Amino acid sequence: MGRGGGCLLCVGADEFSVHLFMLCLFASMVWERVAEWGGVSIFGPNGLREVKEITKEEVGNNKLKMTVCAIVMATCWYIWLAQNDRIFNGILVVVRNVVDKVKVQVFAWLKSRAKLVDLVWHKWCNFSFVNFPL
């Protein structure tokens, strides 16, 4: 995927999917904030591998795996929407707003689809991959 122009989110390199979702400065800041919220560091020596290892260790914990997948999917989705807002509406989206939307969306998904009835907003806002379940 490439538009053939520079990235409008970070005014950087040519825009390709790897750049848009991972290498773009805007995307990197979103991932960093999401990781901080989850209690891990994606920019440390282990990066995203740490999240993967946490889910692998929790062999029987399908809810954790589903939660991690939902967070990753929602983060990609809202990075994509931020890019579309920039291209089509001329709106420069704030990183914090993207992260807040990820939190709200995944909370709603988990409450309705994953049947996590015990999930409450104040605990969700203090989510940690390491201290799952909430």
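The values are calculated or read from the model by the stated rules, or taken from the named source; none is laboratory data. Nothing here was measured: the structure is a model prediction, and the numbers come from that model. Note that each Cβ is placed from the backbone with ideal geometry, even for glycine, and that neighbours are counted across all protein chains shown.
Points to keep in mind about this one:
For (1) surrounded by fewer than 15 Cβ atoms within 10 Å (Cβ to Cβ); (2) at pLDDT 80 or above; (3) of a type outside the set (Gly, Ala, Ser), each residue gets a yes or a no:
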{"residue": "Ser28", "(1), (2), (3)": "no, yes, no"}
{"residue": "Arg33", "(1), (2), (3)": "no, yes, yes"}
{"residue": "Val59", "(1), (2), (3)": "yes, no, yes"}
{"residue": "Ile71", "(1), (2), (3)": "no, yes, yes"}
{"residue": "Phe88", "(1), (2), (3)": "yes, yes, yes"}
{"residue": "Leu92", "(1), (2), (3)": "yes, yes, yes"}
{"residue": "Val95", "(1), (2), (3)": "no, yes, yes"}
{"residue": "Val102", "(1), (2), (3)": "no, yes, yes"}
{"residue": "Lys111", "(1), (2), (3)": "no, yes, yes"}
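- Within region 88-125, tally of residues that are part of a loop (DSSP other than H, G, I, E, B), under 30 Å from Val11 (Cα atoms) and hydrophobic (A, V, I, L, M, F, W, C): 4
- Evaluation of Leu81 against (1) surrounded by fewer than 17 Cβ atoms within 10 Å (Cβ to Cβ); (2) more than 17 Å from Val30 (Cβ to Cβ) (one fails), failing number: (2)
- Here Ile42 meets the list (1) over 22 Å from Ser112 (Cα atoms); (2) modelled with pLDDT of 85 or more almost entirely, failing just condition (2).
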